[in-house]
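The values are calculated or read from the model by the stated rules, or taken from the named source; none is laboratory data. Treat the numbers as computed from the prediction; the structure is a model and nothing was measured. Reconstructed Cβ throughout: ideal geometry from the backbone, glycine too, with neighbour counts over all protein chains shown.
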Amino acid sequence: METADNLERMATTTGQRPVGQLLREWRERRRLSQLDLSIQADISTRHLSFVETGRARPTPEMILRLTEQLEVPLRERNNLLLAGGYAPAYHQRGLDEPELANVRAALRQVLSGHEPYPAVVVNRWWELLDANAAIGLFLRGCAPALLEPPVNVLRLSLHPDGMAPNIVNLSEWRAHLLPQLQRRAETMGDARLQALHEELSAYPGGQADTVSDTQVVLPLRYRHDAQELSFISISAIVGTALDVTVEELAIESFYPADAATAEALRALA
């Protein structure tokens, strides 16, 4: 087993920045002052300042307490522990491992039960992990290269060789997806999401400044053959996750926004 000193040296030699600097960046990302965070975490502002500047080495318990208050994702909590010279606290199992069998079964039940409406399971980078049969509706006509694993559902939806040509309200849909992606990249401090945002922003299709104020929600209006289908999307996550992989899972479900779409989907099924 690695000692704390060995783990600290490993973090240093792999280019990991000091844990205090990383904690400060997360605090600033959450727009909290040192006073705000110290009150929330029930520690002194002086000690927090010493931790952030490297004058004091935080214990693993302190790191976990601060990251809990800062709502840091589990993957990044492990990275912060490594930067502090400690072992990760959260497992990161593969979705196909036996320990996640119940999670897989629950996800599959949700996907199957949602038919004949489309639904997918994605990870934090919107990469497709699973889907029900109804998702085939959106895949017709998409370039084969976009369907090679790992399939990124945001790239697939906005790429000119993907779903984009069939999205009737493409500019509005881009105006919905791109800010959402940008917020997640900033909130999670994820360079990979930021790069995806830059890529998708360069795709053609425009971006509406506003949407109709008569709409309750923004539907995805999708052209299927000669018919226009309208969908409402809903996202769901696994609650109280203690595994990195499970915390990063999300179910994206599409529901018919009108009776004509519901009838068409039942006919297609």
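Tell me, please, whether a residue that is touching a strand residue (DSSP E or B) at 6+ places or on another chain (Cβ under 7 Å) and not in a strand (DSSP E or B) can be found in segment 176-184. Show your work before the answer.
As a first pass, look at segment 176-184 and keep what is touching a strand residue (DSSP E or B) at 6+ places or on another chain (Cβ under 7 Å): none.
Scanning segment 176-184, I find no residue that is touching a strand residue (DSSP E or B) at 6+ places or on another chain (Cβ under 7 Å) and not in a strand (DSSP E or B), so the answer is no.
Check off (1) in contact with a His (Cβ under 9 Å, 6 or more places away or on another chain); (2) farther than 17 Å from Phe231 by Cβ; (3) of a type in the set (A, V, I, L, M) for Met188 and give me the number that stays unchecked.
With respect to (1) in contact with a His (Cβ under 9 Å, 6 or more places away or on another chain); (2) farther than 17 Å from Phe231 by Cβ; (3) of a type in the set (A, V, I, L, M), Met188 is out only on (1).
Hey, does segment 115-125 have a residue that's β-branched (Val, Ile, Thr) and either outside the structural domain of Phe254 (by TED's automatic domain parsing) or farther than 22 Å from Leu193 by Cα (or both)? Break it down into steps so the answer makes sense when it comes.
As a first pass, look at segment 115-125 and keep what is β-branched (Val, Ile, Thr): 120-122.
Next cut, either outside the structural domain of Phe254 (by TED's automatic domain parsing) or farther than 22 Å from Leu193 by Cα (or both) only: none.
No, because not a single residue in segment 115-125 is β-branched (Val, Ile, Thr) and either outside the structural domain of Phe254 (by TED's automatic domain parsing) or farther than 22 Å from Leu193 by Cα (or both).
Scanning for something touching a Ser or Thr at 6+ places or on another chain (Cβ under 7 Å), over 22 Å from Gly189 (Cα atoms) and polar (S, T, N, Q), does segment 43-59 turn up at least one residue? Write out each step before concluding.
Of all residues in segment 43-59, those touching a Ser or Thr at 6+ places or on another chain (Cβ under 7 Å) come to 44-45, 48.
Applying the additional criterion that residues be over 22 Å from Gly189 (Cα atoms) yields 44-45.
Restricting the remaining residues to those that are polar (S, T, N, Q) gives 44-45.
The answer is yes, given that some residue of segment 43-59 is touching a Ser or Thr at 6+ places or on another chain (Cβ under 7 Å), over 22 Å from Gly189 (Cα atoms) and polar (S, T, N, Q).
Within segment 12-70, track down each residue that is assigned to a loop (DSSP other than H, G, I, E, B), among the hydroxyl-bearing types (Ser, Thr, Tyr) and at pLDDT below 95. Even if it seems obvious, please write down each step before you answer.
So the first thing to find is which residues in segment 12-70 are assigned to a loop (DSSP other than H, G, I, E, B), and the list is 14-18, 30-33, 42-44, 54-59, 70.
Keeping just the survivors that are among the hydroxyl-bearing types (Ser, Thr, Tyr) gives 14, 33, 44, 59.
Matches in segment 12-70: Thr14 only.
Quick one: in segment 91-132, of everything that is touching an Asp or Glu at 6+ places or on another chain (Cβ under 6 Å) and surrounded by fewer than 18 Cβ atoms within 10 Å (Cβ to Cβ), which residue is nearest to Met163 (Cα to Cα)?
The extreme case among them is Asn123.
Check segment 200-221 and report whether any residue there is over 15 Å from Ser171 (Cα atoms) and assigned to a strand (DSSP E or B).
First, the residues of segment 200-221 that are over 15 Å from Ser171 (Cα atoms): 213-217.
The next check asks that each one be assigned to a strand (DSSP E or B); those that pass are none.
No, segment 200-221 has no match at all.
Please specify each residue of segment 222-267 satisfying the condition of being in contact (Cβ under 8 Å) with a residue 12 or more places away in the chain, surrounded by 14 or more Cβ atoms within 10 Å (Cβ to Cβ) and either among the hydroxyl-bearing types (Ser, Thr, Tyr) or assigned to a helix (DSSP H, G or I) (or both).
Once the filter is applied, which keeps residues that are in contact (Cβ under 8 Å) with a residue 12 or more places away in the chain, surrounded by 14 or more Cβ atoms within 10 Å (Cβ to Cβ) and either among the hydroxyl-bearing types (Ser, Thr, Tyr) or assigned to a helix (DSSP H, G or I) (or both), segment 222-267 yields Tyr222, Ser230, Ser233, Val244, Thr245, Val246, Glu247, Ser253, Tyr255, Thr261, Ala264, Leu265.
Please verify whether segment 98-110 includes one or more residues that are in contact (Cβ under 8 Å) with a residue 12 or more places away in the chain and outside any helix (DSSP H, G or I).
no
Determine, yes or no, whether Asn79 is under 30 Å from Ala41 (Cβ atoms), in the same structural domain as Arg57 (by TED's automatic domain parsing), touching a helix residue (DSSP H, G or I) at 6+ places or on another chain (Cβ under 9 Å) and not charged (D, E, K, R).
Working: under 30 Å from Ala41 (Cβ atoms): yes; in the same structural domain as Arg57 (by TED's automatic domain parsing): yes; touching a helix residue (DSSP H, G or I) at 6+ places or on another chain (Cβ under 9 Å): yes; not charged (D, E, K, R): yes.
Yes; evaluated as a whole, the condition is true for this residue.
Do we have Leu7 as modelled with pLDDT of 95 or more and over 19 Å from Arg124 (Cα atoms) here?
Details: modelled with pLDDT of 95 or more: no; over 19 Å from Arg124 (Cα atoms): yes.
No.
Being under 30 Å from Leu70 (Cβ atoms), under 13 Å from the mean Cα position of the chain (by Cα) and surrounded by fewer than 16 Cβ atoms within 10 Å (Cβ to Cβ) narrows it down to one of Ala195, Ala191, Ala185, so name that one.
Values: Ala195 fails: under 13 Å from the mean Cα position of the chain (by Cα); Ala185 fails: surrounded by fewer than 16 Cβ atoms within 10 Å (Cβ to Cβ).
None of the others qualify; the one that does is Ala191.
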